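Trainee: Pasting in a structure now, in C-alpha cells, and then I'll have a few things to ask.
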Amino acid sequence: MTTKTLSKLHDEAEDLGYTPDTPEFEKALCALKVSRCKELQGVHECKDCKAYEHCDLVREYLLDLRFPTRRNR
C-alpha cells in the first residue's frame, strides 16, 4: 500500500474514535489495512489471495482476532 493510502487509513481509524499509539488503535488500523488490501486484491476473504500463505498483515490480523489482549502487554 502507498504512503497516501496508509495515511488515509490512519486518519480513518482516528475518525472512528481510536487514539493513536494505543493497542486498540493498532488493532483497528490492522483491520482497516486488511479490508483495504482485500479490495485492492479483488478477493472476499484473505484465504482467496495468492499471497495469503506469506502475508504478515493477515497474520497480525488473525492473531488480533484469536488473542484480543495480546497487544495490551
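Since every read-out is calculated from the coordinates, none of them should be taken as a lab result. A quick note: this is a predicted structure, and the numbers were derived from the prediction, not measured. Every residue, glycine as well, gets a Cβ built from its backbone with ideal geometry; the counts of neighbours run over all protein chains shown.
Trainee: Among all residue pairs at least 6 apart or on different chains, which show Cβ distances below 7 Å where the first residue, located in the range 57-73, is more than 14 Å from Pro23 (Cβ to Cβ) and touching a residue at least 24 places away in the same chain (Cβ under 8 Å) and the second is aromatic (Phe, Trp, Tyr) and loosely packed, with under 15 Cβ neighbours inside 10 Å?
Mentor: Going by the 7 Å Cβ cut-off, the qualifying pairs are Val58/Tyr52.
Trainee: Before we move on, is Leu40 within 27 Å of Asn72 (Cα to Cα) and out of contact with any Gly (no Cβ under 7 Å at 6 or more places or on another chain)? Outline the logic, then answer.
Mentor: Working: within 27 Å of Asn72 (Cα to Cα): no; out of contact with any Gly (no Cβ under 7 Å at 6 or more places or on another chain): yes.
Spelling it out, it is not the case that Leu40 is within 27 Å of Asn72 (Cα to Cα) and out of contact with any Gly (no Cβ under 7 Å at 6 or more places or on another chain).
Trainee: Would you check which residues across the range 5-24 are surrounded by 14 or more Cβ atoms within 10 Å (Cβ to Cβ) and in contact with an Asp or Glu (Cβ under 8 Å, 6 or more places away or on another chain) and list them?
Mentor: Within the range 5-24, Tyr18 is the sole residue that qualifies.
Trainee: When you scan the range 24-31, do you find a residue that is out of contact with any Lys or Arg (no Cβ under 6 Å at 6 or more places or on another chain), closer than 16 Å to Asn72 by Cβ and in a loop (DSSP other than H, G, I, E, B), even just one?
Mentor: Checked the range 24-31: no residue is out of contact with any Lys or Arg (no Cβ under 6 Å at 6 or more places or on another chain), closer than 16 Å to Asn72 by Cβ and in a loop (DSSP other than H, G, I, E, B).
Trainee: If you take the residues in the range 35-64 that are basic (Lys, Arg) and surrounded by 15 or more Cβ atoms within 10 Å (Cβ to Cβ), which one is nearest to Lys8 (Cα to Cα)? Give the derivation first.
Mentor: Our first condition is that a residue be basic (Lys, Arg); within the range 35-64, this holds for 36, 38, 47, 50, 59.
Now narrow it down to the ones that are surrounded by 15 or more Cβ atoms within 10 Å (Cβ to Cβ): 36, 38.
On the way: Arg36: 11, Lys38: 16 Å.
Checking each candidate, the answer is Arg36.
Trainee: Now for a different question. So Asp21 ticks every box in (1) touching a Leu at 6+ places or on another chain (Cβ under 9 Å); (2) part of a loop (DSSP other than H, G, I, E, B); (3) acidic (Asp, Glu) but one. Which box is left unticked?
Mentor: (1)
Trainee: Looking at the range 34-48, I want the residues that are part of a loop (DSSP other than H, G, I, E, B) and have a partner that is surrounded by fewer than 10 Cβ atoms within 10 Å (Cβ to Cβ) and among the aromatic types (Phe, Trp, Tyr) with Cβ atoms under 8 Å, at least 6 apart or on another chain. Which pairs are those?
Mentor: Within 8 Å, no pair qualifies.
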